Amino acid sequence: MTSRTLLAPSGPASSAGRFTDGLFRRLMAAAAVSVIAILVATAIFLLVEAWPSLSHYGPLSFLHARWAPSEATETASNPNPYGVLQFIYGTVVTSLVAMAIAVPVAIAVALYITNLSPALLRRPLSSLVDLLAAIPSVVYGFWGVFALIPALGPVGRGLTSLSGIPLIGWLFQGPFFGYSVFSAGVVLAIMVLPIVTAICREVFDTTPIAEKEAALAIGATKWEMLRIAVLPRSRSGIVGASILGLGRAFGETIAVTMLIGNNVLTIPHGIMRPGSTMPSVIANEFTEANQPFHLTSLFVVAFGLLVLSLLVNVIGKRIVGRVSEHIA
């Protein structure tokens with residue numbers, strides 16, 4: 001009897017194996033299709049609910065910075081009282097402030113955990129950073145109102161003193177009263193920090209040990225080793241982590257709503273003043289949307305937020321792909 005005969009499965013067992021493999025393949029395919037179906041169904045639902053406003057006013061008529069549901073009666077000078085440009089601006093700027101703070105800190109924390117900290121501390125430090133993601137959003141908002149805003153008072157007043165600098169001074173125009181785009185960006189940075197740190201940590205761990213040891217063997221310091229052997233290989237991973245963090249920041253609602261102010265429905269002049277975001281205006285107004293086309297215009301905001309998030313993720317994928325090709 002040959003070895004091939006010994007290894008050949010029997011008829012019933014082979015039939016059962018093929019059935020199990022086929023069932024497993026169909027289940028996995030159904031799971032993959034369900035993700036796409038949920039995304040498409042969500043987009044269709046939002047579009048259907050937003051359609052009365054879109055068809056009545058026209059899609060492009062929403063691209064102005066005035067939101068006045070109480071003036072829903074159309075006039076020649078006020079053809080559409082539901083402008084969303086200020087909410088898009090608030091969402092993008094708040095998220096960019098958060099990423100400008102979170103990404104450098106996340107890279108530094110991930111580098112320390114993976115390459116500089118004692119081996120005994122790596123697991124506890126990683127667990128502590130990951131625990132930040134388990135804190136509910138409303139807790140961050142509550143903490144931000146009563147602890148973060150008072151602590152940011154001196155920082156905010158110091159930043160407003162930079163308003164006289166050419167080109168960038170407009171970002172820091174005051175006065176600073178606490179509830180602002182800046183405060184919302186700071187708490188948002190803390191919220192996205194675990195996501196960016198976790199991905200960067202995994203990316204840094206993929207650097208071959210031989211390359212790091214070779215850099216140290218030729219006399220490089222630890223910083224030079226990180227700059228030569230770790231960071232260049234991790235560029236695409238850092239970009240990908242930043243894009244995922246940005247997507248998380250775009251959709252955050254409760255903490256941002258509690259800290260950004262929400263009493264200004266126009267584009268704020270700088271990051272030190274109150275503003276509004278797309279999620280915050282939905283959370284604030286959907287229960288009281290009783291004016292004509294008010295609720296359906298909020299669905300326009302929600303659909304725009306979905307499109308904006310998908311667009312950022314698609315652009316991020318392209319950037320990661322280009323960076324990976326450049327490194328290869």
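The values are calculated or read from the model by the stated rules, or taken from the named source; none is laboratory data. Keep in mind that this is a model prediction, so the values were computed, not measured. FYI the Cβ positions are ideal-geometry reconstructions off the backbone, even for glycines, and counts take in every protein chain you see. The protein model used for the area step is the full one, side chains on, heavy atoms only, and it has no ligands, DNA or RNA in it. Shrake-Rupley method; radii C 1.70, N 1.55, O 1.52, S 1.80 Å.
I'm trying to understand the selection: among the residues of segment 203-222, which are open to solvent by 60 Å² or more (accessible area, probe 1.4 Å), part of a helix (DSSP H, G or I) and more than 20 Å from residue 110 (Cα to Cα)?
217
Here are 151, 133: which of them is under 27 Å from residue 200 (Cβ atoms) and in contact with a helix residue (DSSP H, G or I) (Cβ under 8 Å, 6 or more places away or on another chain)? Give the derivation first.
Numbers: 151 fails: in contact with a helix residue (DSSP H, G or I) (Cβ under 8 Å, 6 or more places away or on another chain).
Unique residue meeting the criteria: 133.
Limited to segment 57-99, what total is found for residues that are open to solvent by 50 Å² or more (accessible area, probe 1.4 Å), modelled with pLDDT under 90 and among the aliphatic types (A, V, I, L, M)?
3
Can you give me the ranges of the helices (runs of 4 or more DSSP H) entirely in segment 68-147 with at least 1 residues that are under 30 Å from residue 222 (Cα atoms) and out of contact with any Cys (no Cβ under 9 Å at 6 or more places or on another chain)? I'd like the intermediate steps shown before the answer.
On the way: elements: 85-111, 119-131, 137-143.
Hits in segment 68-147: 85-111, 119-131.
Output the residue which, of all residues in segment 111-167 that are under 20 Å from residue 182 (Cβ atoms) and hydroxyl-bearing (Ser, Thr, Tyr), is modelled with the lowest pLDDT.
Among those residues, the one meeting the criterion is 163.
What pairs come up if the first residue lies in segment 191-216 and is touching a residue at least 24 places away in the same chain (Cβ under 8 Å) and more than 24 Å from residue 320 (Cα to Cα), the second is of a type outside the set (D, E, K, R) and open to solvent by less than 70 Å² (accessible area, probe 1.4 Å), and their beta carbons are under 8 Å apart, counting only those six or more places apart or on different chains?
Close Cβ pairs (under 8 Å, with a partner that is of a type outside the set (D, E, K, R) and open to solvent by less than 70 Å² (accessible area, probe 1.4 Å)) do not exist here.
Please determine whether any residue of segment 156-166 is of a type in the set (Gly, Ala, Ser) and under 18 Å from residue 253 (Cβ atoms).
Narrowing segment 156-166 to residues of a type in the set (Gly, Ala, Ser): 156, 158, 161, 163-164.
Those still in the list that are under 18 Å from residue 253 (Cβ atoms) too: none.
No: segment 156-166 contains no residue that is of a type in the set (Gly, Ala, Ser) and under 18 Å from residue 253 (Cβ atoms).
Exactly one condition in (1) over 15 Å from residue 299 (Cβ atoms); (2) in contact with a helix residue (DSSP H, G or I) (Cβ under 7 Å, 6 or more places away or on another chain); (3) aliphatic (A, V, I, L, M) is false for residue 121; which is it?
The number of the failed condition is (2).
Which ones in segment 301-326 are open to solvent by 30 Å² or more (accessible area, probe 1.4 Å) and of a type in the set (S, T, N, Q)?
The answer is 313, 324.
Mind checking which pairs have a first residue in segment 45-60 that is on the phi > 0 side of the Ramachandran plot and a second that is crowded, with 16+ Cβ neighbours inside 10 Å, Cβ under 8 Å, 6 or more apart or different chains?
58/80
Considering only residues of segment 251-300 that are open to solvent by less than 20 Å² (accessible area, probe 1.4 Å) and small (Gly, Ala, Ser), which is farthest from residue 83 (Cα to Cα)?
255
Which members of segment 163-200 meet the condition of being open to solvent by 60 Å² or more (accessible area, probe 1.4 Å) and either on the phi < 0 side of the Ramachandran plot or in contact with a helix residue (DSSP H, G or I) (Cβ under 7 Å, 6 or more places away or on another chain) (or both)? Spell out the reasoning first.
The initial filter retains those residues of segment 163-200 that are open to solvent by 60 Å² or more (accessible area, probe 1.4 Å), namely 164-168, 170, 173, 175, 177, 179.
Residues satisfying the conditions are 164, 165, 166, 168, 170, 173, 175, 177, 179.
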